[in-house]
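Structure, as structure tokens:
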Amino acid sequence: MTPNDDRKIIEKLQQKTWNEIKTNDSWAIFKIMAEFVDGYEKLSKIGPCVSIFGSARTAPDHPYYKLAEEVAFKLTQNGFGVITGGGPGIMEAGNKGANRGNGISVGLNIDLPFEQHDNPWIDPGKSLDFDYFFVRKVMFVKYSQGFVVMPGGFGTLDELFEAITLIQTKKIGRFPIVLVGTKFWGGLIDWLKNTLLEEKNISPEDLNLFRLVDTADEAVEHFNKFYAKYKLKPNF
């Protein structure tokens, strides 16, 4: 998005009167409800899946793309389907790996002015489009049995910390969260330990809410061990 695009958006907002804003807010409720209903109806039928997050900007020849594809493939070989944000980059890699493994491949796309478009590896009938990030995030949490978090930007961090916060505050049950890439995530984890924990803004046990790995095998092993511990397993 360019500065000129930003200016146009600001000018458009400034042209609205307060009454127009209130009216639009009221009608938006029905659009939000429709997105929830559509998501609930379609995703309730997909079976156990793992969500894979990561940058839309990662090129197909990047090692992280290839690693995300391998993680997705191995998840399907262990009974899980894959949910991604439906776009390019790491999301495409996740859907591609799931497709290669003949597993469920779901895409929850978001309408953005840049970067986002459907990738070709999503199963027919399993691509959903959202206007609202918060509705989309509910779908990721409600219909995933775990998160694989590949290197990414603000959106990836948003999804990661949303899940950790919900688990930490016991608003949802615990599920496995795997961060892939010690080189990428190491600095963030050091900051969590040396700053947040030191300042007592989090508890020591909060650092156990996620697992850091470097390979596809390690990622899948964590999911299998987590569900074996609770005597659970994927069941299509």
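The values are calculated or read from the model by the stated rules, or taken from the named source; none is laboratory data. Treat the numbers as computed from the prediction; the structure is a model and nothing was measured. Note that each Cβ is placed from the backbone with ideal geometry, even for glycine, and that neighbours are counted across all protein chains shown. Accessible surface areas use protein heavy atoms only, side chains included; no ligands, DNA or RNA. Shrake-Rupley method; radii C 1.70, N 1.55, O 1.52, S 1.80 Å.
The table below lists the values:
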read-out: Matching residues in the stretch 50-67 - criterion: being out of contact with any Pro (no Cβ under 9 Å at 6 or more places or on another chain) and crowded, with 19+ Cβ neighbours inside 10 Å; value: SER51, ILE52, PHE53, TYR65, LEU67
read-out: Looking only at the stretch 5-48, and only at residues there that are among the β-branched types (Val, Ile, Thr), open to solvent by 60 Å² or more (accessible area, probe 1.4 Å) and part of a helix (DSSP H, G or I), the one that is modelled with the highest pLDDT; value: VAL37
read-out: Residue in the stretch 107-130 that is of a type outside the set (Ser, Thr, Tyr), touching a Leu at 6+ places or on another chain (Cβ under 8 Å) and in a helix (DSSP H, G or I) present; value: no
read-out: Some residue of the stretch 94-103 being in a loop (DSSP other than H, G, I, E, B) and buried (at least 22 other Cβ atoms within 10 Å of the Cβ); value: yes
read-out: Selected residue (only one of SER55, SER51 is of a type in the set (Ser, Thr, Tyr) and assigned to a strand (DSSP E or B)); value: SER51
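Here is a yes/no grid of residues against (1) at pLDDT 95 or above; (2) closer than 25 Å to GLY97 by Cβ; (3) among the hydroxyl-bearing types (Ser, Thr, Tyr):
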| position | (1), (2), (3) |
| --- | --- |
| ASN194 | yes, no, no |
| ILE202 | yes, no, no |
| ASP206 | yes, no, no |
| PHE210 | yes, yes, no |
| ASP217 | yes, yes, no |
| GLU221 | yes, yes, no |
| PRO234 | no, yes, no |
